[in-house]
Amino acid sequence: MKRLRYGTAAWQRYLRSLPRADRPRPEVAKAVARIVREVERQGDAALVRWTERLDGVTLRPRQIRMDRAEVRRLAARADRPLRRALAAMAARIAAFHERQLAPGFRLSLGPGSSVEEVVTPLASAGLYVPGGAGAYPSSVLMNAIPALAAGVGELWIATPPRALEANPAVAAAVVEVGLEARVIRVGGAQAVAALACGTRSVPAVDKIVGPGNAYVAEAKRQVRGRVDIDRDAGPSEVVILADETADAGWVAADLLAQAEHGSGEETVVLVTTSPALADEVARLVALGVNSVANRTSARRALDRHGAIVIAAGLKDAIKAANALAAEHAEVMVRRPEAVAARVVAGAVFVGPWAPVAVGDYGVGPNHVLPTGGAARYASPLSVRDFQRRHSRVRLSRAGLAGITEDVVRVAQAEGFRGHAQSVLTRFEG
């Protein structure tokens, strides 16, 4: 891990080097554009062809949708204690997200007149679930439960053809949220294209969410506008803000937990006011890196984007953390509540007993969080992402008369005589 002092030129260079949302590689964009175009024009035939080419699996069109009984059979292969843990996790996630439901509001403008904000669920959504090492049952719950809580009528899951066979825990999560009859056995950019455009077997949806590789991310970018998508997701990030009261072993363990995600691009940072803590954490991270999952990529992440930042005082430490605006921030200092209130991150974990790992595994809030510094302006995935809001205006004659002068005056100032006349005509003759 790099050793830096906050505010120096080296610190500024480090900030500029971190992963940020950017244009994809040209070859990825070109390949995805071809896939999207062919799925749009050829539908199921393109899905079958690209699935055979990219996944090595030959499907008949009638196999694109998985049978409910098949999904349930695969889910039953997951250990029973794991299925119970998923059920408990789902209950906590649901309890949190159900509190996000908003009823809208109405303001009276006098007799017979009102304006209101109406909140309704999206009619449909698609959830992409990756295969291989990137298939996580927790992500199924985190993406599906807010949509279900919002009241989305048609929610579909798209996943590579062997994903549920290889990951019974993911199948168990699908069953836990009641979507075993809504699984599309197609992955990659072609799945995103199918959900956006619709085919004979795959219905077009209003929004697509969920993690994926560079091709999935680029496909989501290319279909944005035809459908809504969630935000671009980058490598995982953690910033731990700690002073001399923090336990070095706990800090090191939490840094290593983020480094093990597997991309080799994770951002793993300790910001501290204590040089002694910095020394001990660096020693423990170096000792512990071989014990985590994906240790080769974890070492690469620590070398590329790992840093220990020394700040002169708590005020500068908070500034350093906020400049990073990370996906996750942990606060391990004296009076952590007061400090946490000043920290900018996708999710803030307050005090030594709240490691980021509990956020990943269902304490309640969503673990789909803004990355790449986007926490400065973006929010976690929520029920609100699966709702649409529209305005509704009711006016009586008296209500319109009460605002006519203002409307006409501003319309004329903007040069829109027709706008003014559309109001005035109602009072003529």
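Among the residues of this structure, G134 counts as one that is surrounded by fewer than 24 Cβ atoms within 10 Å (Cβ to Cβ), under 19 Å from R185 (Cβ atoms) and either at pLDDT below 95 or within 14 Å of the chain's Cα centre (by Cα) (or both).
Mind listing just one residue for me: the one in segment 17-33 that is under 23 Å from the mean Cα position of the chain (by Cα) and among the basic types (K, R) and, of those, surrounded by the fewest Cβ atoms within 10 Å (Cβ to Cβ)? Taking the candidates together, the pick is R23.
Results for (1) under 18 Å from the mean Cα position of the chain (by Cα); (2) under 21 Å from S139 (Cβ atoms); (3) surrounded by 13 or more Cβ atoms within 10 Å (Cβ to Cβ), shown as yes or no for each residue.
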{"position": "V344", "(1), (2), (3)": "yes, no, yes"}
{"position": "N366", "(1), (2), (3)": "yes, yes, yes"}
{"position": "L369", "(1), (2), (3)": "yes, yes, yes"}
{"position": "S379", "(1), (2), (3)": "yes, yes, yes"}
{"position": "S382", "(1), (2), (3)": "yes, yes, yes"}
{"position": "D385", "(1), (2), (3)": "yes, yes, yes"}
{"position": "H390", "(1), (2), (3)": "no, no, no"}
{"position": "A401", "(1), (2), (3)": "no, no, yes"}
{"position": "E405", "(1), (2), (3)": "no, no, no"}
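Just one of the listed residues (V36, V57, V48) is closer than 21 Å to T159 by Cα, within 27 Å of the chain's Cα centre (by Cα) and open to solvent by less than 100 Å² (accessible area, probe 1.4 Å), namely V36.
Looking only at residues of segment 67-112 that are assigned to a loop (DSSP other than H, G, I, E, B) and in contact with a strand residue (DSSP E or B) (Cβ under 6 Å, 6 or more places away or on another chain), we find that the one that is modelled with the lowest pLDDT is A102. On the stretch given as segment 88-128, residues that are aliphatic (A, V, I, L, M) and in contact with a Gly (Cβ under 7 Å, 6 or more places away or on another chain) total 8. For segment 223-243, the candidate set comprises residues that are of a type in the set (K, R) and in a loop (DSSP other than H, G, I, E, B); within that set, the residue that is most open to solvent (accessible area, probe 1.4 Å) is R226.
Taken together, the criteria exclude R72 from residues that are open to solvent by 100 Å² or more (accessible area, probe 1.4 Å), over 25 Å from the mean Cα position of the chain (by Cα) and over 15 Å from P168 (Cα atoms).
Of the residues making up segment 388-429, those that are polar (S, T, N, Q) and either assigned to a strand (DSSP E or B) or under 20 Å from G110 (Cβ atoms) (or both) are S391, S396, T404. Screening N143 with (1) part of a helix (DSSP H, G or I); (2) touching a helix residue (DSSP H, G or I) at 6+ places or on another chain (Cβ under 6 Å) gives one miss only, at (2).
The values are calculated or read from the model by the stated rules, or taken from the named source; none is laboratory data. These figures come from a predicted structure and were not determined experimentally. Note that we place each Cβ from the backbone using ideal geometry, even for glycine, and neighbour counts take in every protein chain shown. Areas reflect the complete protein model, heavy atoms only, side chains present, ligands, DNA and RNA absent. Shrake-Rupley method; radii C 1.70, N 1.55, O 1.52, S 1.80 Å.
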